[in-house]
1. Can you go through G53, G79, G39 and tell me which one is at pLDDT 95 or above, out of contact with any His (no Cβ under 6 Å at 6 or more places or on another chain) and of a type outside the set (S, T, N, Q)?
2. Taking the condition of being without any contact (Cβ under 8 Å) to a residue 40 or more places away in the chain and surrounded by 12 or more Cβ atoms within 10 Å (Cβ to Cβ), how many residues in the range 29-46 meet it?
3. Name the residues in the range 18-28 that are in a loop (DSSP other than H, G, I, E, B) and surrounded by fewer than 17 Cβ atoms within 10 Å (Cβ to Cβ), would you?
4. Step by step: first the residues of the range 25-58, then only those that are of a type in the set (A, V, I, L, M, F, W, C) and over 10 Å from the mean Cα position of the chain (by Cα), then the one that is farthest from N13 (Cα to Cα). Which residue is that?
5. Which one of these does L82 not meet: (1) part of a helix (DSSP H, G or I); (2) in contact (Cβ under 8 Å) with a residue 24 or more places away in the chain?
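The values are calculated or read from the model by the stated rules, or taken from the named source; none is laboratory data. In this text, all values refer to a predicted model and were calculated from it rather than measured experimentally. No Cβ is skipped: glycine too gets one built from the backbone with ideal geometry, and neighbour counts run over all protein chains shown.
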Amino acid sequence: MADECRRQVEHYNRCIKLLERVDEPIYRTGRDIFSSDAGLADWLCTPARSLGGRVPLDVMRTAAGRVKVAEILTALAHGVML
């Protein structure tokens, strides 16, 4: 159990650090939805059904991926379930 908790904390810390690389509009929209860096970081580091099971941070490595993630966050902000 201790190893699982340690891995979760390490994962969380990595995700929080990666927020520095997120485009400002995506960051702002995500913070509005998830209300905290922790919530946004968790969503960005977790496979998303709306991205075919891919991790948003991985998808965001391309311009088209950033557009797709921004579209998903905008839809979520407007209450559209994807």
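1. Answer to the check: G53.
2. 12
3. D23
4. The selected residue is L51.
5. With respect to (1) part of a helix (DSSP H, G or I); (2) in contact (Cβ under 8 Å) with a residue 24 or more places away in the chain, L82 is out only on (1).
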